[in-house]
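What follows is one structure encoded as structure tokens, with my remarks underneath.
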Amino acid sequence: MEFNLVQTIAISALPVIFAITLHEAAHGYVAKLFGDNTAFVLGRISLNPVRHIDMVGTIIVPLAILATSKLFGSGILFGWAKPVPVDFSALRNPKRDMLWVAAAGPFANLLMAILWAFVLKFALIMPHSAFTLPLSLMAEVGIKANLVLMVLNLLPILPLDGGRIAVSLLPNRLAYSYSRLEPYGFPILLLLLFTDTLGIILNPALLMCLQLFESIFQI
């Protein structure tokens, strides 16, 4: 069954928006656990995606990628939400706790991918109908979107979560030198994206994750 662009967007919107926005909410929640209430005070520890949506990063960019790739036919789904503010100096142990705050986002994506895998499994065992087909396609997007964001954010490039994890793990002098590269991180990331290098870097890890999910959940 062929889906047009509007149907593709309708199926993809919910899992993609939640993948991007709950990733950010997780950062704020873990930051609060470790002593920083900044995101909590600003109302950013919320499951409401509206509180996290960035019009360009959460809506326009993912839709543009979906429009050109037709549901992951090619390329890497890329997007971002409004960053949750974290005052690392307010953490009880800033350098150590930075690791857990940063890792919370990718971990949230992993949990959401697992949830969508259960949804897909449910859709596949139910009798085939007009409801189960869109549900299974939505679940597939949910799995892929969350795994892409998890793998992407674990790249050791600041300001991605992997970069913050690297700063947390490096000795103090190296961590300071590495942190000074942050202003160059986003331009580097965009360059990798638009030259298709990002896909070359991420695809092996993403393929491995997808194969693991298929094996575990038999989907």
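Quick notes on this one:
- Matching residues, region 200-219, being buried (at least 16 other Cβ atoms within 10 Å of the Cβ) and more than 16 Å from the chain's Cα centre (by Cα): 213, 219
- Residue in region 153-178 that is surrounded by the most Cβ atoms within 10 Å (Cβ to Cβ), counting only those that are in a helix (DSSP H, G or I) and in contact with a Gly (Cβ under 9 Å, 6 or more places away or on another chain): 161
- Taking region 115-139 as the range and being in a helix (DSSP H, G or I) and without any contact (Cβ under 8 Å) to a residue 60 or more places away in the chain as the test, the residues that pass are 115, 119, 122, 123, 125, 132, 135, 136.
- For region 198-212, the criterion of a residue being farther than 16 Å from residue 150 by Cα and among the polar types (S, T, N, Q) is satisfied by no position.
- Taken over region 8-56, the criterion of being more than 20 Å from residue 151 (Cα to Cα), among the β-branched types (Val, Ile, Thr) and at pLDDT below 90 is satisfied by 8, 9, 11, 45, 50, 53, 56.
- Filtering 214, 182 for residues that are under 22 Å from residue 15 (Cα atoms) and without any contact (Cβ under 8 Å) to a residue 60 or more places away in the chain leaves a single hit, 214.
- Taking the numbered list (1) surrounded by fewer than 18 Cβ atoms within 10 Å (Cβ to Cβ); (2) of a type in the set (A, V, I, L, M); (3) farther than 19 Å from residue 105 by Cβ in turn, residue 139 passes all entries but (1).
The values are calculated or read from the model by the stated rules, or taken from the named source; none is laboratory data. Remember, it's a predicted structure, so these values are computed and weren't measured experimentally. Neighbour counts are summed over all protein chains in view; Cβ atoms, including those assigned to glycine, are modelled from backbone coordinates with ideal geometry.
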